[in-house]
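Worksheet for the structure shown next.
The values are calculated or read from the model by the stated rules, or taken from the named source; none is laboratory data. Keep in mind that what you see is a predicted model, and the values were worked out from it rather than measured. Positions of Cβ are backbone-derived with ideal geometry, glycine not excepted, and every protein chain shown enters the neighbour counts. In case anyone asks, the SASA skips ligands and DNA or RNA and just uses the protein heavy atoms, side chains included. Shrake-Rupley method; radii C 1.70, N 1.55, O 1.52, S 1.80 Å.
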Amino acid sequence: MKPDNTVATYSFTVRIIHWGMAVLLLSLLLAGLTMVRSLEPWQPALLGLHKSLGTIAFIAVITRLSARLDSASPGLPQAMHPLQRAAARSSHLLLYVLMIALPLSGYLMQSAAGRPIHVFDSLTIPTAFPVNQELYGLFRETHFALAASLAVLVLIHIGAALHHGLVRRDGVLQSITLPKGKLDKA
Amino acid sequence: MNTENPPFLVARYALIIAIVGGLAALLTFAAGGLGGTGVTAQEFVDLQQGHTVHAGFRRAHAKGFCVAGEFVSSGALEPHTTATLFASQTTPFVGRLSIAGSNPTAPDLKAPVRSLALSFAVGEREAWRTAMNTPPVMAVRTPEDFFLQLSALAPDRESGKRDPGKISRFFDEHPESKAFTDWASNYQPTGSLATEKYHSINAFYLVNSGGKRQAVRWQARPVARETGIRPAPGRDALHREFFRRLGQGPVKFDLVFTLAAPEDDADDPTRPWPQSRRQLVAGQLVINSATPQAGGACEGISFDPLVLPHGMEPTRDPILRARSAAYAESYRRRAREHWLGRAGEAGE
C-alpha cells in the first residue's frame with residue numbers, strides 16, 4: 001500500500017470496486033435515511049434491501065482492501081502542500097475505517113435486536129449474541145453516527161477529487177478513472 | 001502538472017459546488033430535513049409517547065410484564081407453511097402481556113386495549129414475532145388515518161381530557177371503522193388477562209413447500225374460562241391476578257388460524273372475515289412463568305410483527321407495512337435511554 005510514484009493509477013480491480021462501491025454506498029445512505037422515517041408500504045422491502053446491500057458492501061470493502069494492499073498505489077503530487085497530502089491520506093484511511101465499521105455496526109445492532117440478517121433470501125447471517133437493549137442503543141446510535149460521518153466525508157472526498165480533476169488538473173482524479181493505456185503522462 | 005489557472009475557473013468551481021451541493025441536498029432530503037410528505041415514524045411515535053415521556057419505556061403499551069413458555073404445535077398448519085415451528089414440535093417463547101397507553105404506571109382496569117406479544121425462539125437464523133391485541137380489526141386502513149385516529153383520541157394538552165366531539169367526528173368521517181366500533185361497543189373486558197382473546201388484526205400469508213400462499217389471521221384463544229369474577233381492585237389488578245393464577249398452573253391459549261377465502265380482502269385490516277371461514281388450531285401456547293418487565297427477558301425485545309420466519313410473509317396491508325418503522329423508532333428511543341442510563345423506573 002506504500003505510495004509508488006512509478007504508477008499513475010490504481011489497479012483495475014481497485015478502480016472497479018471503487019466505482020461500484022460509490023454507487024452502493026450512496027444507495028445505502030439514501031435507503032437508510034429514508035427507511036427509518038417512512039411508513040410507506042415499500043419500507044420493509046427497502047429495509048431488507050439495505051441489509052442485503054450492506055452485506056455486499058462489507059464483502060466489497062474487504063476485497064478492495066486486499067486488492068489495494070496487493071498492488072501499487074499512485075503517490076500524491078509533490079506540488080501538494082505536505083499538510084494537504086497528510087489530509088488526503090488520513091481522509092482515505094478514515095473512509096476505509098468507516099466503510100468497514102458501518103456494516104459491522106449494522107450487523108451488531110440487528111444482533112442486539114435478535115434479528116438475523118437475510119441476504120437476498122439466500123444467505124442468513126445468524127445473530128452474534130442474545131437480545132440486549134443497552135447494546136442495541138449503543139450500536140443503533142453508532143450506526144447513525146458512522147453513517148452521518150461517512151456522508152460528510154464522502155462529500156468532502158468528491159469535492160476534493162473534483163478540485164484535483166477540474167482545477168489543479170494534476171492527474172489525481174485520473175488515477176481512479178482512466179484506463180491505464182490512455183493516461184496523459186504530461 | 002499545471003501551475004497556471006485553467007480557463008473558466010469560476011465555472012469549474014461552480015460545477016464542483018453544484019455537484020457536491022446537489023448530493024448534500026439529496027442526502028438532507030432523504031433524512032427528512034427538507035420537506036417530505038405523509039406521516040413519518042418519528043411523528044407517529046411522538047404522538048404515541050404523548051406530552052410526558054417515560055424514559056426507557058415502550059412508547060406504546062408501556063405497561064406490561066414478561067411471560068415465558070412454550071408453543072406445542074399440533075402440526076395442523078404443516079400443509080400450509082414451511083415454517084418449522086408449525087411442524088409437530090415444541091418451540092420455547094418469550095412474551096409480554098400489556099395494556100395500551102404510554103404510561104408505565106397506568107391503572108390496569110382502565111385500559112381500552114390489552115395485548116399479548118410473543119417472540120418465538122426459532123433459532124439464531126430465524127425469528128417470529130407477533131403483537132396481538134384484543135380488537136379483532138383496525139378502525140382504519142392507512143397509517144395516515146391511524147395517525148388521525150390517535151390524534152382524535154389523544155387527551156388535550158391543557159385539560160388532560162379527551163374531546164368526545166372530536167372522537168365521534170372522527171368515527172363519523174371514517175365509515176370503514178364500523179366493524180371496529182361495533183366490536184368496541186360490545187366488548188366486555190374480562191377479569192383476567194388469561195381469559196382474553198388476542199388477535200393478529202392484520203393478515204399474513206402462509207407459504208407452503210409448493211409455494212402456495214394462503215392468507216390468514218390468527219388469534220390466541222384462552223383455554224381458561226372467564227369466571228365473571230372481577231379482580232381485586234388496584235392499579236396493578238390484572239398483573240397481580242395473572243401472577244396469582246400462574247401459581248396454580250400454566251396459563252394456556254390455543255393459537256387459532258383463520259384461513260381466508262379467495263374473496264376476502266387480506267390487505268384491509270378494517271374488515272372482519274365471515275365467521276364461517278375455516279379455522280385450524282396450530283397448537284397451544286403454554287405460559288409457565290411471568291416476571292416483571294424491568295430486567296425481564298421480554299424487555300429488550302421489539303415485537304415487530306414483520307419479523308417472520310421462512311414460510312410466512314406479510315400481506316400488502318398498509319398498516320401492517322407501516323408497523324416495522326414505527327416499532328423501530330420506539331425501540332431506538334428507549335434503547336438509547338437504557339444505554340445512556342437515563343431510563344426511569346415504573347412506580348415512581
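If I compute solvent accessible area with a 1.4 Å probe over the protein chains, what percent of it on the range A:1-92 is carbon and sulfur? Summing carbon and sulfur atoms, their accessible area is 70 percent of the total for the range A:1-92. Taken about its Cα centre, chain B carries a charge dipole of about 680 debye when Lys and Arg each add +1 at the Cβ and Asp and Glu each add -1 at the Cβ. For the range A:99-186, the alpha carbon convex hull comes to 122 Å³ per residue, rounded to a whole number. For the residues of B:313-323, the average number of beta carbons from a partner chain within 10 Å of their own beta carbon is 3.
Provide the FRET efficiency to the nearest 0.05 for the B:T181-A:F129 pair, computing r from the beta carbons and using R0 = 56 Å. Could the numbers behind the result be given before it?
Details: r = 45 Å, r/R0 = 0.81.
Efficiency, rounded to the nearest 0.05: 0.80.
Would you mind pulling out the separation of the Cα centroids of the range B:267-310 and the range B:143-197, in Å? Answer, in whole Å: 22. All C-alpha to C-alpha distances of the range B:160-209, sorted into 5 Å bins beginning at zero, yield P(r) values of 4, 13, 14, 18, 16, 16, 10, 4, 2, 1, 1 percent in whole numbers.
Under 1.5 on a/c is rounded, so check that first for the range B:15-94, then, if it is not, pick prolate when a/b is larger than b/c and oblate when it is not; a ≥ b ≥ c are the square roots of the alpha carbon gyration tensor eigenvalues. Oblate.
Solvent exposure of B:Y331, expressed as accessible area, is near 10 Å², computed with a probe of 1.4 Å over the protein chains only. Residues in the range B:152-189 near a label at B:S276, defined as backbone nitrogen under 11 Å from the 7 Å Cα→Cβ point? Counting only backbone N, you get no residues.
Peptide B:120-130 has a mean shielding of 3, counted as Cβ atoms of other protein chains within 10 Å of each residue's Cβ. Rg and Dmax of the protein assembly as shown, both derived from C-alpha coordinates alone, stand at 27.6, 93 Å. Remark: the range B:189-236 is approximated by an ellipsoid whose semi-axes, taken from the C-alpha gyration tensor as √(5λ), come to 35, 11, 7 Å, largest first. With the largest listed first and rounded to whole Å, the semi-axes of the equivalent ellipsoid of chain B from the Cα gyration tensor are 40, 26, 22.
Roughly speaking, to the nearest percent, how much of chain B's 1.4 Å accessible area is carbon and sulfur? Walk me through the numbers before you get to the answer.
Details: 8790 of 16290 Å².
So the carbon and sulfur contribution to the accessible surface is 54 percent.
Partner shielding of B:324-334 amounts to 4, given as the average count of beta-carbon atoms from other chains within 10 Å of each residue beta-carbon. Enumerate the residues in the range B:179-195 having an amide nitrogen under 19 Å from the point lying 7 Å beyond the Cα of B:R230 toward its Cβ. Label zone hits: B:186-195.
Computed over the range B:268-337, the range of Cα coordinates on each principal axis works out to 46, 33, 24 Å, biggest value leading. A compact globular protein would have a Cα radius of gyration near 2.2 N^0.38 Å; the ratio found for chain A is 1.17. Rolling a 1.4 Å probe over the heavy atoms of the protein chains gives the range B:177-296 an accessible area of 49 Å² per residue. Given R0 = 25 Å, the distance between the Cβ atoms of B:S74 and B:E313 translates into a calculated FRET efficiency of 0.70. Among A:V154, A:V119, A:V167, the residue with the largest mean-square fluctuation in a Gaussian network model of chain A, with springs joining Cα atoms closer than 10 Å, is A:V167. With bins 5 Å wide beginning at 0, the percent of Cα pairs of the range B:1-156 falling in each bin runs 2, 7, 10, 12, 12, 10, 10, 10, 6, 5, 4, 3, 3, 3, 2, 1, 0.
Going highest first, how would you order B:191-197, B:158-164, B:203-209 by mean Cβ packing within 10 Å?
Numbers: B:191-197: 21.7, B:158-164: 9.3, B:203-209: 19.7.
By packing density, highest mean first, the sequence is B:191-197, B:203-209, B:158-164.
In the context of the full protein assembly, B:W183 retains an accessible surface of approximately 50 Å², using a probe radius of 1.4 Å and ignoring ligands and nucleic acids.
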